[in-house]
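Step one of this worksheet: look at the structure below.
The values are calculated or read from the model by the stated rules, or taken from the named source; none is laboratory data. If you're wondering where the values come from, they're calculated on a predicted model, not measured in any experiment. Cβ placement follows ideal geometry from the backbone for every residue including glycine, while neighbour counts extend to all protein chains displayed.
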């Protein structure tokens with residue numbers, strides 16, 4: 001049986017319990033060169049927690065930073081298409097306000113990326129509804 005490395009355990013915990021997305025994004029940035037797979041896991045967990053409404057004083061820049069770190073790690077791992085598809089599925093998974101915020105925050109970045117993939121160019125949708 002394979003023993004878990006500490007980074008594997010950290011990712012397991014980050015995906016199981018609520019974590020501050022900004023902390024996860026910083027970890028993704030800090031480990032990008034040393035452990036790109038861990039960095040990718042952190043960035044994807046950050047995007048997931050952001051989409052579920054977790055975090056304090058979150059701005060669209062925080063969402064964009066998590067996305068950028070995910071794509072940086074994906075590039076290093078030669079997984080850009082796979083990660084892009086995962087993020088696409090995440091941002092289209094529901095219509096909660098937090099998800100709409102994430103979707104809107106990534107709209108320009110993802111549209112630019114999907115503009116290169118004709119089948120998905122139209123699929124990022126939604127706007128934030130403000131009271």
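From the list 32, 50, 13, exactly one residue is farther than 19 Å from residue 110 by Cα and assigned to a helix (DSSP H, G or I). Which is it?
Going through 32, 50, 13 in turn, the sole match is 13.
So how many residues does segment 72-83 have that are in a helix (DSSP H, G or I), surrounded by fewer than 18 Cβ atoms within 10 Å (Cβ to Cβ) and in contact (Cβ under 8 Å) with a residue 40 or more places away in the chain?
Within segment 72-83, residues that are in a helix (DSSP H, G or I), surrounded by fewer than 18 Cβ atoms within 10 Å (Cβ to Cβ) and in contact (Cβ under 8 Å) with a residue 40 or more places away in the chain number 1.
Given the structure, is residue 8 assigned to a helix (DSSP H, G or I), more than 17 Å from residue 105 (Cα to Cα), out of contact with any helix residue (DSSP H, G or I) (no Cβ under 7 Å at 6 or more places or on another chain) and touching a residue at least 40 places away in the same chain (Cβ under 8 Å)?
No, not satisfied.
Only residues that are under 16 Å from residue 103 (Cα atoms) and either buried (at least 21 other Cβ atoms within 10 Å of the Cβ) or under 9 Å from the mean Cα position of the chain (by Cα) (or both): list them for segment 40-54, please.
43, 44, 45, 46, 47, 48, 49, 50, 51 - these are the residues of segment 40-54 that are under 16 Å from residue 103 (Cα atoms) and either buried (at least 21 other Cβ atoms within 10 Å of the Cβ) or under 9 Å from the mean Cα position of the chain (by Cα) (or both).
Is it the case that residue 44 is under 15 Å from residue 15 (Cα atoms), at pLDDT 95 or above and not in a loop (DSSP other than H, G, I, E, B)?
yes
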